[in-house]
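Engineer: Quick one: structure below, then a few questions.
The values are calculated or read from the model by the stated rules, or taken from the named source; none is laboratory data. Everything numeric here is computed off the predicted structure, so don't read it as measured data. All Cβ positions, even for glycine, are placed from backbone atoms using ideal geometry, and neighbour counts span all protein chains on display. Heads up: the accessible areas ignore ligands, DNA and RNA and are worked out on the full protein's heavy atoms, side chains in. Shrake-Rupley method; radii C 1.70, N 1.55, O 1.52, S 1.80 Å.
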Amino acid sequence: MAEIRLEGVSKVFDKTVAVDDVQLHVADGEFMVLLGPSGCGKTTLLRLLAGLEYPNGGRVRIGDTDVTDLPPRKRDLAMVFQSYAVFPHLTVFDNIAFGLRMRKVDRAKVHERVERAATLVELGDLLGRYPAQLSGGQRQRVAVARAIVMEPAVLLMDEPLSNLDALLRLTFRAQLKQLVAELKTTTIYVTHDQVEALSLGNRIAVMNKGRIIQCDTPGTVYGEPASRFVGAFIGNPPMNFLTGRVHRNGGPPSVTVADHVLQVAAELDGEPDGEVLVGIRAENIRAEVEPFPDALQARTRVVEPLGSHLLITADVGEQPIKITAPADFPAHPNRELWLRFDPAKVRMFRPS
Ligand code: ATP
């Protein structure tokens, strides 16, 4: 069993609270992504898990063992970093074999395991090359092979794709996903790239200011963000937020945005009267150029053709909103638009 439990883990550097009372349970074989903006504590959390930092509070468990007081080499984990840090004077084979040889694994076994790991990351034909003779993506695959060859209970990765160019990132992302699914190793993966997080994770732990704000499947984190921060951080474009008001007037509650009554399915019973933030994703808005019933009026500001669709920036009163529309939608700047939100996709947030 290689489940991971972080129980109330905190880390303070001087006066900076890098990790603040984090609770996290990662199931055996799960691919967990830690996602958040620069400085939110992702790397520190990973280093606490690896044993490279000691927590100021809380416990770290891997499987049935409390590893809080164990050094990194006794935690049965391997790490892949952003800078692939492969040894330039060693061949691909010797780079991958390095950790096994340090552990004095016998020769035949080293051969067998290196070849298997190299095949998994599709480097089987390049074992005799030196890092200088490899592309960035291949070098990063050496780093991944060097980690998985150790057959660790836990694999930790810190932004392993960020040194690759955009196209290589895309290719390697899919390869990595397939590889980790085959290995079934419990994996924790740090990134600030929300697309990478959505693409790779079984679950995503979204962090801000040292805390985990939401931890859930990519679909839930994207579709039902727990806060404005999560809705704005995940998704391109970010979720739209419009200021609205909850009214009761004795009857069932309703929500208005720019004096227009919205059709919403979201549970409003708990909402007090007054200001709310109405969250809606660009693709959950239907736009028309002719008025239609229950539609919210907007004025087009910018139209960006993105190949498969248009991204429209419009104004609802004074409030900006982004809408996606089919590539052949007849939009142009200053044109009036009529918008309808998919009621099931509307989220309500307290302004605070
Ligand atoms: P990035 O994506 O930029 O790598 P991150 O989310 O991984 O950021 P951390 O590197 O964990 O963030 O840093 C969290 C906070 O702790 C930051 O404010 C950082 O400046 C601080 N910090 C991290 N390591 C140290 C250290 N060794 N000494 C002092 N402060 C540190």
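Engineer: Lys209: which aspartates and glutamates have alpha carbons under 16 Å from its alpha carbon, excluding same-chain residues fewer than 8 sequence positions away?
Structural biologist: Those aspartates and glutamates meeting the cut-off are Asp14, Asp20, Asp21.
Engineer: Determine the per residue accessible area of region 208-263 with all protein chains present and a 1.4 angstrom probe, expressed in square angstrom.
Structural biologist: Per residue, region 208-263 has 49 Å² of solvent-accessible surface.
Engineer: While we're on this one: On C-alpha positions alone, give me the angle between the axis of helix 136-148 and the longest principal axis of the chain, in degrees, nearest 10.
Structural biologist: Roughly 70 degrees, rounded to the nearest 10.
Engineer: Taking the Cα atoms only, what angle lies between the long axis of helix 92-102 and the longest principal axis of the chain, rounded to 10 degrees?
Structural biologist: Long axis of 92-102 versus the principal axis of the chain: about 70 degrees.
Engineer: Still on this model: Which aspartates and glutamates, if any, have their Cα less than 12 Å from the Cα of Lys345, not counting same-chain residues under 8 positions apart?
Structural biologist: Qualifying aspartates and glutamates at Cα under 12 Å: Glu224, Glu267, Glu283.
Engineer: Please list, ordered by chain and number, the residues whose modelled amide H lies under 5 Å from the amide H of Thr68; skip anything fewer than 5 residues away on the same chain.
Structural biologist: Correct list: Val60.
Engineer: Tell me, what is the percent relative contact order of the chain, built from C-alpha pairs under 8 Å that lie six or more residues apart?
Structural biologist: The normalised contact order for the chain reaches 16 percent.
Engineer: Compute the distance from the alpha-carbon center of region 182-259 to that of region 145-162, in whole Å.
Structural biologist: The distance from the Cα centre of region 182-259 to that of region 145-162 comes to 27 Å.
Engineer: Check cross-link reach from Lys74 to the aspartates and glutamates: straight Cα distance under 19 Å, and skip same-chain residues fewer than eight apart.
Structural biologist: Here the aspartates and glutamates satisfying the reach criterion relative to Lys74 are Glu3, Asp28, Glu53, Asp64, Asp66, Glu151.
Engineer: For n ≥ 4 DSSP H runs only, could you compute -39500 (n - 2.57) per run for the chain, divide by its residues and tell me the 222 nm figure to the nearest 500?
Structural biologist: Computed mean residue ellipticity for the chain: -7000 deg cm²/dmol.
Engineer: Here are some pairs, Lys109/Lys177; Lys15/Lys42; Lys42/Lys322; which of them have Cα atoms lying more than 24 Å apart in this structure?
Structural biologist: Result: Lys109/Lys177; Lys42/Lys322 exceed 24 Å.
Engineer: Turning to a different aspect of this structure: If Lys and Arg each add +1 and Asp and Glu each add -1, what is the summed charge of the other residues whose beta carbon sits under 12 Å from the beta carbon of Arg113?
Structural biologist: Counting the neighbours of Arg113, the net charge comes to +2.
Engineer: Using only Cα atoms and rounding to the nearest 10 degrees, what angle (0 to 90) does helix 166-183 make with the longest principal axis of the chain?
Structural biologist: 70
Engineer: Order 137-150, 284-297, 214-227 from most to least packed using the mean count of other Cβ atoms within 10 Å.
Structural biologist: By packing density, highest mean first, the sequence is 137-150, 214-227, 284-297.
Engineer: Something else: DSSP loop (so not H, G, I, E, B), at most 15 other Cβ within 10 Å: list which trypsin sites (Lys or Arg not before Pro) in region 192-239 pass both filters.
Structural biologist: The qualifying sites are Lys209.
Engineer: Tell me, what % of the accessible area of region 1-136 is carbon and sulfur with a 1.4 angstrom probe?
Structural biologist: 50
Engineer: Given a 1.4 angstrom probe, what's the average accessible area per residue across region 39-189, in square angstrom?
Structural biologist: 48
Engineer: Once phi is turned into ³J(HN,Hα) by the Karplus curve 6.51 cos²θ - 1.76 cosθ + 1.60 with θ = phi - 60°, what whole-Hz value does each residue of region 327-344 show in order, with x for glycine and proline?
Structural biologist: 4, 9, 5, x, 9, 8, x, 6, 6, 5, 10, 10, 10, 10, 8, 5, x, 6
Engineer: Sequence-distant or interchain residues sharing an amide H contact under 5 Å with Gln214, placed H: which?
Structural biologist: The answer is Val206.
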